[in-house]
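Worksheet for the structure shown next.
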Amino acid sequence: MTQGQQTESTPLVDPACYAAATAAIRAEAVRLLEAGEVTAVVGYRAGRRAGSAMPEVATTAEAAAQLIFTPGCQNNLALFLSKAKREALPKGKVAVVVKGCDLRALAGLIGESQLKRDEVHVIGVACPGVYGAGADLAKPLAAESLARKCRECKVHLPEGTDVVAGTLPPLPDLAPLEAEELARLEAMTPQERWAFWTEQFARCIRCLACRQVCPFCFCTQCLCDRNRPQAVDTSPRPAGNTAWHIVRAMHLAGRCAGCAECERVCPMDIPLNLLNRKMAQELFELYGFETTMQPQEQGALTSYRDGDDQSFIK
């Protein structure tokens, strides 16, 4: 289907594809738990609002039979598999349901020694897309309600998982909104870009939701929480806000999976994924590095090659 055939309000895909993925996830989760191959399955269950979903740690076959996959399954479940957060899960091998962008995060956690590949059974899911901010969850997923990240997703079908739930239907070509916004920012002068981000960061209330939802913010104590010495002002003031977001963007450079959870949970609608995408673009252009769905031992900013661009050194 081409962009000309797809209107913004037309259902994006047949809802039956989500039902098929749900059935496959339930069957695999029940099988794993009944066979004793895993102690828990981290997936999704229906939320309190119609059309919504929330993370679920299923430890029984009965609970596994209630798992779902719908456009409301927005959360990146790799979040629960870092060393610190895994302490809340039952001991032993666990299974996790991942979309393509989630699998990138999982691969990053393995590459950073947060877990071993043989400690997790990965249930990949064929994902046509999920709801974006402000979407009407009671309506079928349409182009107008699709998350911006999903319009440009290249990993709708995860690779390298233990099993894949569902099949991917044909997807329409949609306008790449984030790429267009990024191009608009790049066309600005440095002064204009600084003014843009200063305005965005000024709205930040320092709730730290972006940090809490990020799979890669797994430090037991964040640098930005320290007050002896204090690296970043912890109050929601312009200088501290700017420092916080720049430090976080640098810490995620070469690591960000592009799941856009930080942007989704931001109560002030700051386009955080736009900043992370720009960092990813710079790393690719400078070093040919990009995150993948396979663990990488060395990140772009933790390794050095003789041929690396050094033009920025004055």
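The values are calculated or read from the model by the stated rules, or taken from the named source; none is laboratory data. Remember, predicted model here, so these are calculated numbers, not experimental data. With ideal geometry, Cβ positions are generated from the backbone for all residues, glycine too; neighbour counts draw on all protein chains shown.
Yes/no matrix, rows are residues, columns are (1) out of contact with any helix residue (DSSP H, G or I) (no Cβ under 8 Å at 6 or more places or on another chain); (2) of a type in the set (Val, Ile, Thr); (3) not assigned by TED's automatic domain parsing to the domain that holds ILE25:
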| site | (1), (2), (3) |
| --- | --- |
| ILE68 | no, yes, no |
| PRO71 | no, no, no |
| PHE80 | no, no, no |
| ARG86 | no, no, no |
| PRO90 | yes, no, no |
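Report whether or not ASP269 is charged (D, E, K, R), in a loop (DSSP other than H, G, I, E, B) and in contact with a helix residue (DSSP H, G or I) (Cβ under 9 Å, 6 or more places away or on another chain). Against the criterion (charged (D, E, K, R), in a loop (DSSP other than H, G, I, E, B) and in contact with a helix residue (DSSP H, G or I) (Cβ under 9 Å, 6 or more places away or on another chain)), ASP269 qualifies.
Does VAL130 meet the test of being β-branched (Val, Ile, Thr) and either surrounded by fewer than 18 Cβ atoms within 10 Å (Cβ to Cβ) or touching a strand residue (DSSP E or B) at 6+ places or on another chain (Cβ under 9 Å) (or both)? Before you say what the answer is, go through the steps one by one.
On the way: β-branched (Val, Ile, Thr): yes; either surrounded by fewer than 18 Cβ atoms within 10 Å (Cβ to Cβ) or touching a strand residue (DSSP E or B) at 6+ places or on another chain (Cβ under 9 Å) (or both): yes.
Yes.
When we screen LEU141, LEU157, LEU137 for residues that are surrounded by fewer than 19 Cβ atoms within 10 Å (Cβ to Cβ) and over 23 Å from VAL57 (Cβ atoms), the only hit is LEU157.
The residues on offer are VAL98, VAL130, VAL155, and the sole one that is in contact (Cβ under 8 Å) with a residue 12 or more places away in the chain and farther than 14 Å from ALA257 by Cα is VAL130. If only residues of the range 266-278 that are surrounded by fewer than 18 Cβ atoms within 10 Å (Cβ to Cβ) and either aliphatic (A, V, I, L, M) or under 21 Å from LYS154 (Cα atoms) (or both) are counted, the one that is modelled with the highest pLDDT is MET268. For TYR18, the stated conditions hold: it is in contact (Cβ under 8 Å) with a residue 40 or more places away in the chain, outside the structural domain of GLY258 (by TED's automatic domain parsing) and assigned to a helix (DSSP H, G or I). Of the residues that make up the range 223-235, is at least one out of contact with any helix residue (DSSP H, G or I) (no Cβ under 8 Å at 6 or more places or on another chain), crowded, with 18+ Cβ neighbours inside 10 Å and farther than 25 Å from GLY134 by Cβ? Checked the range 223-235: no residue is out of contact with any helix residue (DSSP H, G or I) (no Cβ under 8 Å at 6 or more places or on another chain), crowded, with 18+ Cβ neighbours inside 10 Å and farther than 25 Å from GLY134 by Cβ. Annotation: of all residues in the range 27-82 being assigned to a helix (DSSP H, G or I) and of a type in the set (Gly, Ala, Ser), the one that is surrounded by the most Cβ atoms within 10 Å (Cβ to Cβ) is ALA78. Exactly one residue out of GLN296, GLN281, GLN200 is surrounded by 17 or more Cβ atoms within 10 Å (Cβ to Cβ) and not in a loop (DSSP other than H, G, I, E, B), and it is GLN200.
Among the residues of the range 206-220, write down those that are among the small types (Gly, Ala, Ser) and either part of a loop (DSSP other than H, G, I, E, B) or surrounded by fewer than 12 Cβ atoms within 10 Å (Cβ to Cβ) (or both). Walk me through it before giving the result.
Going through the range 206-220, the residues among the small types (Gly, Ala, Ser) turn out to be 209.
Result: no residue meets the conditions.
Taken over the range 186-197, residues that are surrounded by 12 or more Cβ atoms within 10 Å (Cβ to Cβ) and in a loop (DSSP other than H, G, I, E, B) amount to 1.
Restricting attention to the range 221-228, does a residue exist that is in contact (Cβ under 8 Å) with a residue 40 or more places away in the chain and either part of a helix (DSSP H, G or I) or assigned by TED's automatic domain parsing to the domain that holds GLU261 (or both)? So far as the range 221-228 goes, no, none of its residues is in contact (Cβ under 8 Å) with a residue 40 or more places away in the chain and either part of a helix (DSSP H, G or I) or assigned by TED's automatic domain parsing to the domain that holds GLU261 (or both).
For the range 98-119, indicate whether the set of residues that are among the aliphatic types (A, V, I, L, M), in the same structural domain as ALA142 (by TED's automatic domain parsing), under 19 Å from GLY36 (Cα atoms) and touching an Asp or Glu at 6+ places or on another chain (Cβ under 9 Å) is non-empty. The answer is no; no qualifying residue exists. For the range 162-185, name all the residues that are outside any loop (DSSP other than H, G, I, E, B) and touching a Lys or Arg at 6+ places or on another chain (Cβ under 8 Å). Across the range 162-185, the qualifying residues are LEU177, GLU178, LEU182, LEU185. The single condition among (1) outside the structural domain of ALA243 (by TED's automatic domain parsing); (2) modelled with pLDDT of 90 or more that LEU171 does not satisfy is (2). The single condition from (1) under 15 Å from the mean Cα position of the chain (by Cα); (2) outside any loop (DSSP other than H, G, I, E, B); (3) within 17 Å of SER82 (Cα to Cα) that HIS251 fails is (1).
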